[in-house]
Structures are given as C-alpha cells and as structure tokens.
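Step one of this worksheet: look at the structure below.
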Amino acid sequence: MKLQQAHYLSGTVIFLFVVLHLSNHVVSLISVERHIEIMEMLRPIYRNIFAEPILLLSVVVQIVSGVQLFMRKRTYTKGFYDTLQIYSGLYMAFFFVIHVSAVLIGRNILQLDTNFYFGAAGLNTFPFNLFFIPYYGLAIISFFAHIAGIHYHKVQRNILGLNVAHQSNIILTLGVIITSLALYGLTNKFQGVALPTEYLIMIGK
C-alpha cells in the first residue's frame, strides 16, 4: 500500500507538470516565438529551488515504484486497460530516464537553454528523427494511456451517459490528438526557422 501511495503521489506531481509542459508544446502551433514566450512564463512555476527538486524526486520515485509494481503485476494482468496501464508506465519509466538525463546534461554540461530548439533539433534532422519522432510520440501517448488505465479502474460510474470503457477511450483519443498536435508543432512549424548555432551540437555539427 505504501508503494502504491508513493507511486500515486509522485505521479500526481508529474501529472501537473506534464499538463503545463504539453500545453506549452501545443502552443508551438502558433509560432516558435510564442512557444518560448509561454515557456518563460511557466518556468518560474516548476523551475525554482523548491519545485524542481520535488519534481525530480517525484520522477525518481515514480520510476523505482513503477518498476517494482510492474514486477508484481506482470504475471496477472487482466484485460486491455490493465495491460495498457502497466506497459505504458514501463515505457514512461524508460522515457524519464533518458529525457531527464538529457535535459540535465543539456543544461549543466552543454550549457544550453533546453527550450523548443533543444527538442526540435533531433526531431527535424534525418536520421535522428527516425528515433526521436516515435520516442516522443510514444511518450505522450503512454502518458494518456496510463491515465486511461487508471481511470478505468478508479472510476466505476457512468459520466454523461458514458460507461467507464467509453470514458477511457475518450482519454486515449485525446492522447492521440495531443500527440499529433505536439509533434506537428515541433516538426512542420519548424520548417523555415533556422536552428541557432549553439544547438548544432545536438545533431553532431
């Protein structure tokens, strides 16, 4: 029970951050400049001496507790949403390890502002995009898939005439839409925008 509570509490902290983060990514559909402007407005909320350590600790707790819960549950998964919740969580643990490490290295070793260009460099450069597009896409979809799985088990009532399976399906569909919008904003809208010189290191130049 303590392990599940730690996973839930750390997940709640991460959820709040991801909502802000994904909303910021969707803003890139308007323009790169607007995306960065909103990012600068949001950063004081989560990138300060109090919030950032809590967020980073939450990521560590989420990974460790998630892997432990996976080892317990993998032998008796029941149904689509149970399986989806478990394996989407496992992918997110993999993503957190790579992504958080990359951001910390970018900020502290490469001395880069880990903004729009930090992610867009690989997403818009062949052959790096063959990895980064599915890597980011699966991460966003896994986030919504995990929520859909949790919703399926925690909410056992109809809402607006929809049963819990339909509700979870809507969450999954929303995830696909948000994933498409975020990736479109980071790829197609980037065309014609020059990559700042300092970010060329991200693509080996």
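The values are calculated or read from the model by the stated rules, or taken from the named source; none is laboratory data. Model, not experiment: these values are computed from the prediction. No Cβ is skipped: glycine too gets one built from the backbone with ideal geometry, and neighbour counts run over all protein chains shown. The protein model used for the area step is the full one, side chains on, heavy atoms only, and it has no ligands, DNA or RNA in it. Shrake-Rupley method; radii C 1.70, N 1.55, O 1.52, S 1.80 Å.
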Q: Report the residue, chosen from S65, S142, S101, that carries the largest GNM mean-square fluctuation when the chain is represented by alpha-carbon nodes joined by springs under 10 Å.
A: S101
Q. If you take the C-alpha gyration tensor of region 151-195, multiply each eigenvalue by 5 and take the square root, what semi-axes do you get, largest first, in whole Å?
A. 36, 8, 6
Q: Specify the angular offset, from 0 to 90 degrees and rounded to the nearest 10, of the alpha carbon long axis of helix 129-154 from the longest principal axis of the alpha carbons in the chain.
A: 30
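Can you give the FRET efficiency to the nearest 0.05 for M71 and R47, using r as the Cβ-Cβ distance and R₀ = 25 Å? Before the final figure, lay out each step's value.
Values: r = 33 Å, r/R0 = 1.32.
The calculated FRET efficiency here is 0.15.
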Q: Could you work out how far the C-alpha centroid of region 79-98 sits from that of region 122-156, in angstrom?
A: 9
Q: Work out the length of the dipole vector of the chain about its Cα centre, built from +1 on the beta-carbon of each Lys and Arg and -1 on the beta-carbon of each Asp and Glu, and round it to the nearest 20 debye.
A: 680
Q: Could you work out how far apart the two model spin labels at L162 and Q4 are, taking each label as a point 7 Å from the Cα in the direction of the beta carbon, and quote it in nm?
A: 2.6
(Q) Run lengths n ≥ 4 of DSSP H only: what is the helix-derived mean residue ellipticity at 222 nm for the chain, with -39500 (n - 2.57) per run over all residues, to the nearest 500? (A) -25500 deg cm²/dmol
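Tell me the per residue accessible area of the chain using a 1.4 Å probe; a whole number in Å² is fine. Don't skip to the end; give the middle numbers.
Values: 11740 Å² over 205 residues.
Per-residue accessible area for the chain comes out at 57 Å².
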Q) Given a 1.4 Å probe and every protein chain left where it sits, what share in percent of the accessible area of the chain is carbon and sulfur? A) 69
Q.
As I understand it, the value is the acute angle between the Cα axis of helix 2-27 and the longest principal axis of the Cα atoms of the chain; what does it come to in degrees, rounded to 10?
A. 40
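Relative to the present Cα-Cα distance, how much length would full extension add between I98 and L57 at 0.36 nm per residue of separation?
Numbers: separation 41, 0.36 × 41 = 14.76 nm, distance 1.54 nm.
Extra length available between I98 and L57 comes to 13.2 nm.
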Q. When each pair of different Cα atoms in region 114-188 is counted once in the 1/r mean, what is the Kirkwood radius in angstroms, to one decimal?
A. 13.7
Q) Under 13 Å from the 7 Å Cα→Cβ point of I133, by amide nitrogen: which residues of region 187-205? A) 187-189
Q) Using the eigenvalues of the Cα gyration tensor, what equivalent ellipsoid semi-axes result for region 1-141 when each is taken as the square root of five times the eigenvalue, whole Å, largest first? A) 28, 19, 14
